[in-house]
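Visitor: Take a look at the following structure, please.
The values are calculated or read from the model by the stated rules, or taken from the named source; none is laboratory data. Small disclaimer: the values here were computed from a predicted structure and weren't measured. No Cβ is skipped: glycine too gets one built from the backbone with ideal geometry, and neighbour counts run over all protein chains shown.
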Protein chains: 2
Amino acid sequence: MSYKCRGNRLKTQLDPAREFSQQIAQSIRDAIIAGDLPVDGRLPSEAELAQRFEVSRPTVREALKRLAAQNLIRTQRGASGGAFVNRLNYAQAHEHMVTTATLLLTMNAVDYETAAEARFALERACLPLACARRTPSHLASLRAEVARQAVEGLSDEDFCASDVAFHRALVDAAGNPVLSWHMAGAVDAMQPLMNMITFTARSRARIVVLHGALIDAVEAGKLKPACAAFDALTTYSMQLGGEIRLQRRGSAAP
Amino acid sequence: MSYKCRGNRLKTQLDPAREFSQQIAQSIRDAIIAGDLPVDGRLPSEAELAQRFEVSRPTVREALKRLAAQNLIRTQRGASGGAFVNRLNYAQAHEHMVTTATLLLTMNAVDYETAAEARFALERACLPLACARRTPSHLASLRAEVARQAVEGLSDEDFCASDVAFHRALVDAAGNPVLSWHMAGAVDAMQPLMNMITFTARSRARIVVLHGALIDAVEAGKLKPACAAFDALTTYSMQLGGEIRLQRRGSAAP
DNA sequence: AGATCTTATATGTCAGACATATCAGCAGTT
DNA sequence: AACTGCTGATATGTCTGACATATAAGATCT
């Protein structure tokens, strides 16, 4: 009924029809999720795993690399080394989320409207919490980014980066790490995509003003004005997306 | 400026201090993201990659397994086989998201309040779109799940599963696949966790009523009542979480 | 022309070996 | 007594070469 329904040991019976390394990785993954292998616990050595599963060491290693790719384990060389169960921290999960989200968007050629709609809908959901919990530290981060965005000679890349930092800070102001993690895919992965599409057309001054209004509302802790400011930002972004599409339609692709 | 800023070839210069397989995987991953390796395109054979990177074939294989673990490539045996760039589809990304979210929650012992707060905040953000776009098909799915939940003899597991299906259908009703993907981590991964914590205490009848009211509002396309119904569900769930915590505090852990 | 056999190619797996990082313990010196 | 440096044990990282097996394409036979 709980997590610890331990069969306690790894399933070492392998189906010869499927890849061994895949099955071994699954077996170990299941054990980790079930809690049979505690966080920071050490897995048996590669040699011992090879014995248990009755495969060679390279095969075991391929399985371990699969798990390492998911940040489920880390390895250390040396005498007391080995493979250790990783505590999946937010930073790793964040990075992972961004990679997956980026791939999902680019490989499926998701159109701007769909991506932006999802992003703004999700980010808007953070506003109530942000208004209620924003700390002076959060507000300082937000204002710092807006100040940077107002500088004249800023490159497009730096402006985009600052924009991402601004939105991330806004999400973090909600004070919920799980929420921040969920939003990583929307902000860090989508925002650059949106910037790439829109940064040629947009007016930085207008964005700075909209950002400023948003901060003021959040600082005052007033939800309605915050939503209004955010919706204005949304509307402008969507409008830019539409203009870009029209331009693209007019001119042939390079 | 666009994705295809191709340096066209893989970085084959490796740093001897770090693991080769990790660097090779990163190099190929970068090439995929940059669009140098098109979807469904074939990678060079393992032997050729080994030559290019000046490493042995097992090392190349470890790198490929890392990519396979992320669903970035698939492999085929045989004459015209090899490793092919995978189009990351929503189903795979969905599965991936659920795994990561589950691990993140369990391994960090995220408390119910934090997880639930994030989940409800995000799901609430889907309501406006759901009210605007829900199709008869969506509504039918929603009603079917509620009907199942009202059956007397339903097991706890089945009730939980139906609950998840209900919320997933609600999110899908927003008609935005990117949004649905983002919500997978919240609904599919968090909901079972929440159920596990709350299903001993909750009143099924009350939940069925709340679900029904929510569907009615969504069907009518009226956002305010939908939000009200959803907030009632949120409040009830949070309240249950509080009760459980009190019970737990009273009795020693098994 | 169609069915079957052969061959080439690529991945999947294995065995054994060496290189290297790291820790623990012991020796020697200060 | 405390610090230093050596040494061995252990485990991962990597290499070499080989065999097994799946698959497609060409060659052969009916």
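Visitor: Is it fair to say B:Thr106 is surrounded by fewer than 23 Cβ atoms within 10 Å (Cβ to Cβ), among the polar types (S, T, N, Q) and more than 8 Å from chain A (Cβ to nearest Cβ)? Don't jump to the end; show me each part of the working.
Guide: Working: surrounded by fewer than 23 Cβ atoms within 10 Å (Cβ to Cβ): yes; among the polar types (S, T, N, Q): yes; more than 8 Å from chain A (Cβ to nearest Cβ): no.
It is false that B:Thr106 is surrounded by fewer than 23 Cβ atoms within 10 Å (Cβ to Cβ), among the polar types (S, T, N, Q) and more than 8 Å from chain A (Cβ to nearest Cβ).
Visitor: Same structure, new question: Give the residue that is farthest from A:Leu193 (Cα to Cα), with candidates limited to residues of region A:111-121 that are surrounded by 18 or more Cβ atoms within 10 Å (Cβ to Cβ) and within 7 Å of chain B (Cβ to nearest Cβ).
Guide: Kept after step one, since they are surrounded by 18 or more Cβ atoms within 10 Å (Cβ to Cβ), are these residues of region A:111-121: A:112, A:115-121.
Restricting the remaining residues to those that are within 7 Å of chain B (Cβ to nearest Cβ) gives A:115, A:117-118, A:121.
Values: A:Ala115: 9, A:Glu117: 13, A:Ala118: 13, A:Ala121: 17 Å.
Ranking the candidates gives A:Ala121 first.
Visitor: Go through region A:51-63 and give me each residue that's more than 7 Å from DNA strand C (Cβ to nearest atom) and surrounded by fewer than 19 Cβ atoms within 10 Å (Cβ to Cβ).
Guide: Step one: filter region A:51-63 for residues more than 7 Å from DNA strand C (Cβ to nearest atom), giving A:51-53, A:60-61, A:63.
Once the filter is applied, which keeps residues that are more than 7 Å from DNA strand C (Cβ to nearest atom) and surrounded by fewer than 19 Cβ atoms within 10 Å (Cβ to Cβ), region A:51-63 yields A:Gln51, A:Arg52.
Visitor: If you take the residues of region B:14-32 that are loosely packed, with under 15 Cβ neighbours inside 10 Å and within 14 Å of DNA strand D (Cβ to nearest atom), which of them is modelled with the highest pLDDT?
Guide: Step one: list which residues in region B:14-32 are loosely packed, with under 15 Cβ neighbours inside 10 Å, which gives B:15-18, B:30.
Then drop every residue that is not within 14 Å of DNA strand D (Cβ to nearest atom), which leaves B:15-18.
Values: B:Asp15: 85, B:Pro16: 85, B:Ala17: 86, B:Arg18: 92.
It comes out as B:Arg18.
Visitor: Going by what's in this entry, would A:Ala79 be described as small (Gly, Ala, Ser), within 13 Å of DNA strand D (Cβ to nearest atom), more than 8 Å from every other protein chain (Cβ to nearest Cβ) and crowded, with 20+ Cβ neighbours inside 10 Å?
Guide: Numbers: small (Gly, Ala, Ser): yes; within 13 Å of DNA strand D (Cβ to nearest atom): yes; more than 8 Å from every other protein chain (Cβ to nearest Cβ): yes; crowded, with 20+ Cβ neighbours inside 10 Å: no.
For A:Ala79, the condition - small (Gly, Ala, Ser), within 13 Å of DNA strand D (Cβ to nearest atom), more than 8 Å from every other protein chain (Cβ to nearest Cβ) and crowded, with 20+ Cβ neighbours inside 10 Å - is not met.
Visitor: Another one. Quick one: in region A:64-75, which of the residues that are crowded, with 22+ Cβ neighbours inside 10 Å and more than 8 Å from every other protein chain (Cβ to nearest Cβ) is nearest to DNA strand D (Cβ to nearest atom)?
Guide: Only one residue fits best here, namely A:Leu64.
Visitor: Looking only at region A:167-209, count how many residues are modelled with pLDDT of 95 or more, touching a Leu at 6+ places or on another chain (Cβ under 7 Å) and more than 20 Å from B:Asn108 (Cβ to Cβ).
Guide: Adding up the residues that qualify gives 2.
Visitor: To continue, here is another question. Of the residues that sit in region B:33-47 and are more than 14 Å from chain A (Cβ to nearest Cβ) and under 14 Å from B:Asn86 (Cβ atoms), which one is nearest to DNA strand D (Cβ to nearest atom)? If you could, list the steps in order and put the result at the bottom.
Guide: Of all residues in region B:33-47, those more than 14 Å from chain A (Cβ to nearest Cβ) come to B:42-45, B:47.
With the extra rule that they be under 14 Å from B:Asn86 (Cβ atoms), the set shrinks to B:42-43.
Numbers: B:Arg42: 12, B:Leu43: 16 Å.
This residue is B:Arg42.
Visitor: Just checking, does region B:48-55 include any residue being more than 12 Å from every other protein chain (Cβ to nearest Cβ), more than 10 Å from DNA strand D (Cβ to nearest atom), of a type in the set (Asp, Glu) and over 18 Å from B:Ala186 (Cβ atoms)?
Guide: yes
Visitor: Considering only region A:122-233, give the helices (runs of 4 or more DSSP H) lying wholly within it that have at least 2 residues that are away from chain B (no Cβ under 14 Å).
Guide: Values: elements: A:127-133, A:136-150, A:156-172, A:177-184, A:191-198, A:204-220.
Fully inside region A:122-233 and qualifying: A:136-150, A:156-172, A:204-220.
Visitor: Still on this structure, please answer the following. Condition check: touching a residue at least 12 places away in the same chain (Cβ under 8 Å), more than 25 Å from B:Ala189 (Cα to Cα) and surrounded by fewer than 21 Cβ atoms within 10 Å (Cβ to Cβ). Does A:Arg134 satisfy that?
Guide: Against the criterion (touching a residue at least 12 places away in the same chain (Cβ under 8 Å), more than 25 Å from B:Ala189 (Cα to Cα) and surrounded by fewer than 21 Cβ atoms within 10 Å (Cβ to Cβ)), A:Arg134 does not qualify.
Visitor: Still on this structure, I have one more. Looking only at region A:217-237, count every residue that is touching a Lys or Arg at 6+ places or on another chain (Cβ under 9 Å) and charged (D, E, K, R) and tell me the total.
Guide: Taking region A:217-237 as the starting set, the residues that turn out to be touching a Lys or Arg at 6+ places or on another chain (Cβ under 9 Å) are A:217-219, A:221, A:227, A:230-231, A:234, A:236-237.
From the residues that got through so far, the ones that are charged (D, E, K, R) too are A:219, A:231.
So the answer is 2.
Visitor: Answer yes or no: is there a residue in region A:16-32 that is within 12 Å of DNA strand C (Cβ to nearest atom), within 14 Å of chain B (Cβ to nearest Cβ) and among the charged types (D, E, K, R).
Guide: Yes, region A:16-32 contains at least one residue that is within 12 Å of DNA strand C (Cβ to nearest atom), within 14 Å of chain B (Cβ to nearest Cβ) and among the charged types (D, E, K, R).
Visitor: Would you be able to say whether some residue in region B:33-46 is β-branched (Val, Ile, Thr), under 27 Å from the mean Cα position of the chain (by Cα) and within 11 Å of DNA strand C (Cβ to nearest atom)? So that I can check it myself, show each step before the final result.
Guide: Here is the first cut: in region B:33-46, the ones β-branched (Val, Ile, Thr) are B:33, B:39.
Right, trim to under 27 Å from the mean Cα position of the chain (by Cα) and you get B:33, B:39.
Next, from what is left, pick out any that are within 11 Å of DNA strand C (Cβ to nearest atom): none.
For region B:33-46, residues β-branched (Val, Ile, Thr), under 27 Å from the mean Cα position of the chain (by Cα) and within 11 Å of DNA strand C (Cβ to nearest atom): absent.
Visitor: Going by the structure shown, is A:Leu67 in contact (Cβ under 8 Å) with a residue 40 or more places away in the chain and not assigned by TED's automatic domain parsing to the domain that holds A:Val171? Explain how you work it out, then say what you get.
Guide: Working: in contact (Cβ under 8 Å) with a residue 40 or more places away in the chain: yes; not assigned by TED's automatic domain parsing to the domain that holds A:Val171: yes.
For A:Leu67, the condition - in contact (Cβ under 8 Å) with a residue 40 or more places away in the chain and not assigned by TED's automatic domain parsing to the domain that holds A:Val171 - is met.
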